[in-house]
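This report refers to the structure that appears directly beneath it.
The values are calculated or read from the model by the stated rules, or taken from the named source; none is laboratory data. Just so we're clear, the structure is a prediction, and the values are computed from it rather than from any experiment. Don't worry about glycine lacking a Cβ; one is built from the backbone with ideal geometry, like all the others, and counts go over all protein chains shown. All accessible areas refer to the heavy atoms of the entire protein, side chains included, with ligands and DNA or RNA removed. Shrake-Rupley method; radii C 1.70, N 1.55, O 1.52, S 1.80 Å.
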Amino acid sequence: MRAIQIDRYGGPEVILRRDIPVPTPGPGEVLIRLRHSGINFMDVHTRQGKYAGSRTYPVTIPTTLGIEGAGHVEALGPDVSGLGIGDRVAYCLTWGSYAEYAVVPAWRVVPVPNALPLDRAAAAMFHGLTAHYLADDVGRLGPGVTCLVHSASGGIGQLLVQLGTRMGATVYATTSTEAKAEVARRRGATAALLYDEGRCADAVRDLTGGQGVDVVFDPIGKPTLRDSFRAARKRGLVVNFGAVGGPVRDLDPIELGEAGSLFLTRPR
């Protein structure tokens with residue numbers, strides 16, 4: 001089968017296309033013939049080596065890139081139940097989807113309803129599960145809760161806006177352009193603002209009567225994290241779930257106290 005792999009960490013130049021044997025599923029695993037693979041920042045971070053020493057996302061090289069996909073069950077390993085050959089399925093957080101086949105632990109595989117195209121299923125797993133645990137388990141959104149979603153026109157951002165709105169929260173959004181802000185509004189954001197070199201935090205405080213929001217969801221990191229502090233209410237929660245703008249390496253915990261005794265978390 002064809003596969004996209006890396007033998008070393010680095011830039012795009014380390015990516016290799018190879019012909020490798022089709023893997024065989026072991027106990028508790030299934031072989032999926034992939035029709036679509038999701039593309040995520042996590043794939044870039046894997047290639048760059050950011051998970052080389054990770055305990056929560058262990059990955060070693062050589063490896064086949066790609067953490068989510070959708071297709072049909074091709075073969076079942078021993079001790080697998082509830083799945084059958086030919087089933088339409090999707091999964092995430094198992095490396096190897098940049099290929100024609102992938103072996104995946106059966107417990108990570110979910111059936112795809114016939115009404116849902118496989119390309120959408122492949123694109124929705126990682127983003128959807130991330131948005132769900134951010135909104136439900138971490139942010140605990142609901143009636144009376146206010147939140148700010150940075151990068152609200154992105155994949156996770158759009159889902160967060162929709163989930164928060166559906167759960168009864170008041171959702172404010174930030175984006176980089178007016179066209180992207182309109183996307184956030186269509187998804188249900190009460191107000192969508194441009195970053196405006198950090199002045200969005202002042203606008204959010206104005207919209208909340210000077211108090212700030214209960215929860216800020218920040219996938220950007222260095223360019224926005226301190227603005228997130230300013231947008232949060234006293235004893236508010238700032239959720240950093242990415243660093244697409246670069247890692248924050250100069251944070252003194254006393255800043256959280258000065259900003260209003262804030263809580264900062266980086267969930268996985």
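Does Thr170 qualify as being surrounded by fewer than 24 Cβ atoms within 10 Å (Cβ to Cβ) and farther than 18 Å from Val238 by Cα? It is false that Thr170 is surrounded by fewer than 24 Cβ atoms within 10 Å (Cβ to Cβ) and farther than 18 Å from Val238 by Cα. Among the numbered conditions (1) over 17 Å from the mean Cα position of the chain (by Cα); (2) modelled with pLDDT of 95 or more; (3) among the aliphatic types (A, V, I, L, M), the only one that Val248 does not meet is (2). Name every residue in the range 121-147 that is out of contact with any strand residue (DSSP E or B) (no Cβ under 7 Å at 6 or more places or on another chain) and of a type in the set (Gly, Ala, Ser), in order of residue number. Selection gives Ala123, Ala124, Gly128, Ala131, Ala135, Gly142, Gly144. Counting only residues that are modelled with pLDDT of 95 or more, open to solvent by 20 Å² or more (accessible area, probe 1.4 Å) and of a type in the set (Gly, Ala, Ser), the range 46-81 holds 1 of them. Sort out which residues of the range 158-185 are out of contact with any Ser or Thr (no Cβ under 9 Å at 6 or more places or on another chain) and small (Gly, Ala, Ser), and write them in order of number. If the condition is that a residue be out of contact with any Ser or Thr (no Cβ under 9 Å at 6 or more places or on another chain) and small (Gly, Ala, Ser), then Gly168 is the only one that fits. The selection criterion, being over 27 Å from Gly155 (Cβ atoms) and open to solvent by less than 60 Å² (accessible area, probe 1.4 Å), does not hold for Gly38.
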